[in-house]
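What follows is a single structure, written as structure tokens, with notes after it.
The values are calculated or read from the model by the stated rules, or taken from the named source; none is laboratory data. Just so it is clear, the model here is predicted, and its values are computed rather than measured. In this analysis, Cβ positions are derived from the backbone assuming ideal geometry, glycine residues included, and neighbour counts consider all displayed protein chains.
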Amino acid sequence: MADWQKISGGVTAPKGYQAAGIAAGLKPSGAPDLALIFSETEAIAAGVFTTSQVRAACVDYCRQRLSAKASARAILCNAGQANAATGKQGWEDAQESAQLLSEALQIPPESILLASTGVIGKRIKMEGMRSGIPQLVAELSPTGGDGAAKAIVTTDLVTKSIALETTMGDRPVRLGGIAKGSGMIHPNMATMLSFITCDAAVSTSLWQEMLTRAASKSFNQITVDGDTSTNDTLIALANGQSRTPAITEMGANAEKLEAMLTQVCQYLAKAIARDGEGATCLIEVQVSGAPDDAAARQVAKTIVGSSLVKSAIFGRDPNWGRIAGAAGRAGVQFNQEELRIKLGDFLLMENGQPLEFDRAAASNYLKQAAAGAYLQEDTVLITVCVGNGSGTGTAWGCDLSYDYVKINAEYTT
């Protein structure tokens, strides 16, 4: 049983954080489009970003800020314009956004991190940013987590938010997180934005190490469509306001905190995959028997990212051959005579050979998963064993539907 409990509040559940989300006129729809997360004290900051060579200005901005000083007090996020492939002017827009917020919050611009999401090639609508920031700061609240979660979405159908609480010594420690993402989702990193807050005290290097490991088991293990974004950003703040002893090296408290951080990241990652554009179900692929965990994760990612596997699941077709084919091309060596594949409770292959199974019942299993969409009863479980190794890994994705093509065929028109 997990040594923590789920609580309400999202990113404002940990002590010493406020947040807000407003409509600043950045989106044509008039929906909320500007979010702010604010720590009342300076917080240790860690980040993981897109590996794409085509990056948004906010990504390079955050990398520079964190390399110079691994701490921050505020995260500003706009939705509607990605501010990627916008050249020198896009960079200046990012700098101006930080400066405006710096003046409104009366903190140094070096304590501000930025994120953007929306259409690539579009600059931030700075008129909306200039008029919106004072209002955004005025609306900061210790209960503003939900507002911030709503203001960062684009094609998402639902907001993604979670908070967990544990005890260290006799004091509560909390972690909260929000995320957005629905399309352009693929490692490395998966295309998304996620912001995490924590009130524990953690050393700079250890917090970054924890976040990197958590990302490798969560956001880097989801895929919707095989496309990595220009704007992927995962930022985690730890402000020490729980007043618990500082965690400076691995030990019981560090392991507990990292397990919580991983749980938050996995919850948000699965929420993104579940909300994939046009998706009707979540796919979870569990792989065992690989030479090591990295190899197992690679096989799992390949299977869940296969367009053929995803299409078969959308068609409610228990086509084990597509699963086997994807496993075989994952770049991990294994003996095909040891391959074992299960779909839910249905054993489809054993010792590399297909088995007789109730095809109609297996197809009905896939139909039931689609019927449970958004109720978190929508998971199609694929279990694969590739040998006798100790490596295990999990990846998450979604099915590939007609609606995905429609959404993305008409994205800018």
Residue 146, sole failed condition from (1) over 18 Å from the mean Cα position of the chain (by Cα); (2) in contact (Cβ under 8 Å) with a residue 60 or more places away in the chain; (3) crowded, with 18+ Cβ neighbours inside 10 Å: (1)
Are there any pairs with C-beta distances below 8 angstrom linking a residue in the stretch 362-389 that is closer than 23 Å to residue 159 by Cβ to a residue that is in a helix (DSSP H, G or I) and modelled with pLDDT of 75 or more, with the two at least 6 apart or on different chains, and if so which? 373/274; 374/274; 376/274; 377/369; 378/274; 378/369; 378/370; 379/369
For residue 369, the lone unmet condition from (1) at pLDDT 95 or above; (2) under 21 Å from residue 223 (Cβ atoms) is (1)
Every residue in the stretch 200-231 that is over 13 Å from the mean Cα position of the chain (by Cα) and modelled with pLDDT of 95 or more, please. 200, 201, 202, 203, 204, 205, 206, 207, 208, 209, 210, 213
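Restricted to the stretch 259-303, and to residues that are hydroxyl-bearing (Ser, Thr, Tyr) and in a helix (DSSP H, G or I), which residue is nearest to residue 152 (Cα to Cα)?
The selected residue is 267.
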Kindly indicate whether residue 299 is closer than 23 Å to residue 402 by Cα and in contact (Cβ under 8 Å) with a residue 60 or more places away in the chain. no
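Table: residues versus (1) surrounded by 14 or more Cβ atoms within 10 Å (Cβ to Cβ); (2) at pLDDT 95 or above; (3) touching a helix residue (DSSP H, G or I) at 6+ places or on another chain (Cβ under 8 Å); (4) more than 22 Å from residue 279 (Cα to Cα).
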site: 303; (1), (2), (3), (4): yes, yes, yes, no
site: 320; (1), (2), (3), (4): yes, yes, no, no
site: 339; (1), (2), (3), (4): yes, yes, yes, yes
site: 348; (1), (2), (3), (4): yes, yes, yes, yes
site: 379; (1), (2), (3), (4): yes, no, yes, no
site: 385; (1), (2), (3), (4): yes, yes, yes, yes
Does residue 38 satisfy the criteria of being in contact (Cβ under 8 Å) with a residue 24 or more places away in the chain, closer than 22 Å to residue 205 by Cβ and touching a Lys or Arg at 6+ places or on another chain (Cβ under 7 Å)? no
From the list 132, 177, exactly one residue is surrounded by 16 or more Cβ atoms within 10 Å (Cβ to Cβ), touching a residue at least 40 places away in the same chain (Cβ under 8 Å), in contact with a Leu (Cβ under 7 Å, 6 or more places away or on another chain) and not in a helix (DSSP H, G or I). Which is it? 177
